[in-house]
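See structure below.
The values are calculated or read from the model by the stated rules, or taken from the named source; none is laboratory data. Model, not experiment: these values are computed from the prediction. All Cβ positions, glycine included, derive from the backbone under ideal geometry; neighbour counts span all protein chains shown.
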Amino acid sequence: NLVVDFKDTGIKIQPTMYGVFFEDINFAADGGLYAEMIKNRSFEFTNPFMGWLQPNSNKHSFNLKSGIASAIKYVGNPSNRNYCRVKINSDKGYALINEGFRGMGIHKDAKYNFYIAALKRSGDIKKISIQFIDKEGVVLGETNIVPTSTDWKNYTAQLIASKTEEKAQLKITFEGTGEIDLDMISLFPVDTWKGRKKGLRKDLVQLLEDMDPGFLRFPGGCIVEGRTLARRYQWKKTVGPVIDREILVNRWNTEFAHKPAPDYYQSFGLGFFEYFQLSEDLGAEPLPILSCGIACQFNTGELVPMEELAPYVQDALDLIEFANGSINTPWGKVRNEMGHPEKFNLKYIGVGNEQWGPAYIERYKVFEKAIKAKYPEIIIVSGSGPFPDGDYFEYGMEELKKLNAEIIDEHYYRSPEWFRENANRYDSYNRNGPKIFAGEYAAHPKEVEDGPKENNWEAALSEAAFMTGLERNAEVVQLTSYAPLMAHIDAFQWAPDMIWFNNLQSYGTANYQVQKMYATNKGTDLLSITKDGKPLTGQENLYATAAKDADKKEVIIKLVNTSNNSQNVIVNLSDKRLNSKGTITILTSEKLVDENSFIAPNKISPKETEFELKGSRAEVNLQPNSFTILKYNV
Ligand code: AHR
C-alpha cells in the first residue's frame, strides 16, 4: 500500500518546474519554427547561391544563354552583405528556383505571401512570375509582380497552392530583357502563429502551447557558444529590422550527421525579440542563455582573455535593459521600436551554456558581480558542464556552491537504465545549496543499425520514472527541460528529439507526451507519497510522486510502473474529504520499442477515464510499463 500524506510539506512546486529548451539545431529555427520558406533569401551564405538552382543548368553555373545571376557586394553594409543581380539576355524564360529547406511544404488552398526587394537597372523587364512547382516542374500555384522602380523597392504578392506538396520549390521567371537587382526574397504562409506576418509555424508553436511550459530557454545549447568565439550567438545582432540581422553559419552546420547539413545557417529572423514574444505568448518565463566568453569546448574551446571579457558582460547587462528597461533607455528603446513598449519582465539569465572547469568559474565570477551590482533581482543560472560524473562536474558544483550560485544547470543524456536507476538522484542534494535546473536531459536508447537513436517508449517511460524524482525534490529542482526540442526529419544532427516535423506535419513523441502530462499536471505544493515510510524510487519497479494544486483544489498522484507485468496498487489517501470520483490518465504502449511517427502520431498518447474511489482508498491496476496520473478534487 502506498500512503499519501496530506500534511503540508511546505514545499512549493515552482511554476517554472517543467519548461522547454529551444535550440536552433536540427533545422529547429530556420527551416522549422521560423516559417520562412526561402533558404538563403538574401544571398548571404558562404556560397551566395546555395539553395538556388536554375532550370537547364548544372547546379553551380548561373550563366546561361538566356541570362546570368551574380552575387554583388553592397558597399559598406556589414550585416546584409550581398544582393543578386540578374541580367536577362533573351525573352526565353530565364528563371531562378529556390529549393526551400529540404523542399517547401505547401497545403492545398492555403495562401502564401511572397516578398522581394528589387531595383530595375536597365532594359525592360516587364514581369516576374512566381510559381510553386513540384519536382516534375508542374505548376502548383502562381502569381506575379511588375517591377517598376529604379530604386530599391519592396514588392509583395500572394500565391494560393493548388495541391498539397511536401517538397515544392519556388520558381521565379523573368519576362523581358535587361538587368535587375534583387534581395530579401521571402515567402511565408499567411496562416502563421497568431497570424503574425513573417511569423512562426503554427503547428509547432501549438505543440508547445499545449504543454503549458513554465519557461522557454533560448537560444541553445552549443549555438550560444559557437565553434569559435567569432561565431558565438550575439543577441544584439538578432534584434531590429530583419534585413539588418547578420547571418551566421550554424554551429550544427556539418557533413557528419545522419542528415548532413552543409547548408545550415542562422538568418536570425527568429531572434531575441521573437523569443521573448514567444515566451510571452506561451505564458512561460523567458530564460536566455548568453556566451560567457568560451567557445564550444567540444570544438576549439577558445577562451576570451579575462581583460577582453567586458563586452560579453556588457551584452548581459544590455539584454536585461532590452527586456526590462524603460523605453527611454537605449536598449528599451529598441524593444519599443520593435513594437513592445511593455517590459518582458525578465527574471532569469544564464551565463554560459555547458562550460566547465576553472576557466568557467573565473569568468562566471565577473558576470555575477556585474549583473548583481546593477540588477540584484535577476536570478543567474550557472553551468555545471556536461554529464554528471564528468571530470569537472564535482569541481564546478563545489565552486558554485562556495559562490552561493542561485541555480545550476545540469545536462545529462544517458541510457534508459540510467534514468530508471537515478530517480533518487536529487534526494541527497543539500536543501540549502544552489537550486537545480535540469536543463538538458533525455534517455538515449541504443542506436538501431544504421539509424539514429529513437524516441521509443522505453526511453519515454524511463524519463517518466526519473521525473518522479525531479518532482519529489521540488525543493531543490526548480526548472527542468527535455532536450533537444525539435528536429526536421530530413535535416537533423541529433536524436532523439521531443518533436519531429517535416515541411507539412509535426508530432509529439512519446517523450513529449510524458513532458506534457507532467507540465499540465504539476500542482503547486508537494505531498509526500511513501511505501513503508520510504519514497518510491524504483523498488519493485514502482515510482511515485504526489502534489496538490491549491488553485484548482486537486490532488495529483503520478505513478510509474516499469515492470513487464501489471501491478495492483492501493493508495491510501489520508484526507477523508475526498470526492468519490476522479480521473485516471494512462500513457502506455504494447512494446517498449514502439514510437509515435508521422503515420501514427498519436500511437502513444494519454487516455483519460473516470475513476471511482473506495472511501479514501484508490485501488489501481497499473498496466505493464505505464505512466499513470490519478487526479481528484478535494
Ligand atoms: O542538445 C544538444 C546539445 O547537447 C546542446 O547543444 C549542448 O548544450 C549539449 O551538449
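For the reader, a short list of remarks on this structure follows.
- Considered as a group, the residues in the stretch 30-56 that are away from the ligand (no atom under 16 Å from the Cβ) and small (G, A, S) include one that is surrounded by the most Cβ atoms within 10 Å (Cβ to Cβ), and that residue is G31.
- Scope the stretch 72-106; condition without any contact (Cβ under 8 Å) to a residue 24 or more places away in the chain and either within 22 Å of D263 (Cα to Cα) or in contact with a Gly (Cβ under 6 Å, 6 or more places away or on another chain) (or both); matching residues: K73
- Residue within the stretch 579-602 that is among the basic types (K, R), buried (at least 21 other Cβ atoms within 10 Å of the Cβ) and touching a residue at least 40 places away in the same chain (Cβ under 8 Å) present: no
- The stretch 434-461, subset modelled with pLDDT of 95 or more and among the small types (G, A, S), residue farthest from the ligand (Cβ to nearest atom): A460
- Boolean, V448 is over 30 Å from I106 (Cβ atoms) and part of a loop (DSSP other than H, G, I, E, B): yes
- Top-ranked residue in the stretch 471-491 [being assigned to a strand (DSSP E or B) and within 16 Å of the ligand (Cβ to nearest atom); ranked as farthest from Q14 (Cα to Cα)]: H488
- Every test in (1) assigned to a loop (DSSP other than H, G, I, E, B); (2) at pLDDT 95 or above; (3) on the phi < 0 side of the Ramachandran plot; (4) buried (at least 22 other Cβ atoms within 10 Å of the Cβ) is passed by R217 save one, and that test is (1).
- The residue list W331, W356 contains one member that is closer than 28 Å to C222 by Cβ, out of contact with any strand residue (DSSP E or B) (no Cβ under 7 Å at 6 or more places or on another chain) and of a type in the set (F, W, Y), which is W331.
- Qualifying positions in the stretch 220-266 - more than 13 Å from the ligand (Cβ to nearest atom), assigned to a helix (DSSP H, G or I) and in contact with a Lys or Arg (Cβ under 9 Å, 6 or more places away or on another chain): R231, K237, T238, V242, D244
- Of all residues making up the stretch 338-361, the number that are away from the ligand (no atom under 16 Å from the Cβ) and either surrounded by 16 or more Cβ atoms within 10 Å (Cβ to Cβ) or assigned to a loop (DSSP other than H, G, I, E, B) (or both): 14
- Strands (runs of 3 or more DSSP E) wholly inside the stretch 523-582 containing at least 1 residues that are farther than 20 Å from I11 by Cβ: 542-549, 554-561, 567-573
- Members of the stretch 267-302 found to be more than 26 Å from I371 (Cβ to Cβ) and either assigned to a loop (DSSP other than H, G, I, E, B) or within 16 Å of the ligand (Cβ to nearest atom) (or both), listed by number: S267, G269, F298, N299, T300
- Filter pass, K135 being over 30 Å from Q355 (Cα atoms) and at pLDDT below 95: yes
- Residue selected from the stretch 220-260 under the condition free of Cβ contacts under 8 Å to residues at least 24 places away in the same chain and surrounded by fewer than 16 Cβ atoms within 10 Å (Cβ to Cβ), by the criterion farthest from K198 (Cα to Cα): F256
- Residue within the stretch 572-593 that is out of contact with any Phe, Trp or Tyr (no Cβ under 8 Å at 6 or more places or on another chain) and within 24 Å of L207 (Cβ to Cβ) present: yes
- Residue selected from the stretch 586-612 under the condition among the β-branched types (V, I, T) and within 27 Å of the chain's Cα centre (by Cα), by the criterion nearest to A495 (Cα to Cα): V593
- Scan of the stretch 247-300 for residues that are of a type in the set (S, T, N, Q) and either at positive phi or in contact with a helix residue (DSSP H, G or I) (Cβ under 6 Å, 6 or more places away or on another chain) (or both), ordered by number: S291
- Residue list for the stretch 595-634, filter: part of a loop (DSSP other than H, G, I, E, B) and charged (D, E, K, R): E595, K603
- Hey, E394 surrounded by fewer than 17 Cβ atoms within 10 Å (Cβ to Cβ) and more than 16 Å from the ligand (Cβ to nearest atom) or not: yes
- Residue in the stretch 1-55 that is farthest from L248 (Cα to Cα), counting only those that are among the charged types (D, E, K, R) and assigned to a loop (DSSP other than H, G, I, E, B): K7
- When residues in the stretch 493-542 are screened for being over 17 Å from the mean Cα position of the chain (by Cα) and either within 16 Å of the ligand (Cβ to nearest atom) or among the aromatic types (F, W, Y) (or both), 1 of them pass.
- Flag for I570 being in contact with a Leu (Cβ under 9 Å, 6 or more places away or on another chain), among the aliphatic types (A, V, I, L, M), exposed (fewer than 14 other Cβ atoms within 10 Å of the Cβ) and more than 18 Å from M467 (Cβ to Cβ): yes
- Residue that is nearest to G533 (Cα to Cα) [pool: residues in the stretch 1-29 that are away from the ligand (no atom under 16 Å from the Cβ) and at pLDDT 95 or above]: I11
- The stretch 118-167, residues that are under 21 Å from G100 (Cβ atoms), acidic (D, E) and touching a Ser or Thr at 6+ places or on another chain (Cβ under 7 Å): E142
Residue-by-condition table, conditions (1) under 28 Å from A29 (Cα atoms); (2) assigned to a loop (DSSP other than H, G, I, E, B):
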{"residue": "D109", "(1), (2)": "yes, yes"}
{"residue": "A118", "(1), (2)": "yes, no"}
{"residue": "K135", "(1), (2)": "yes, yes"}
{"residue": "T148", "(1), (2)": "no, yes"}
{"residue": "S162", "(1), (2)": "yes, yes"}
{"residue": "E179", "(1), (2)": "no, no"}
{"residue": "I185", "(1), (2)": "yes, no"}
{"residue": "K194", "(1), (2)": "yes, no"}
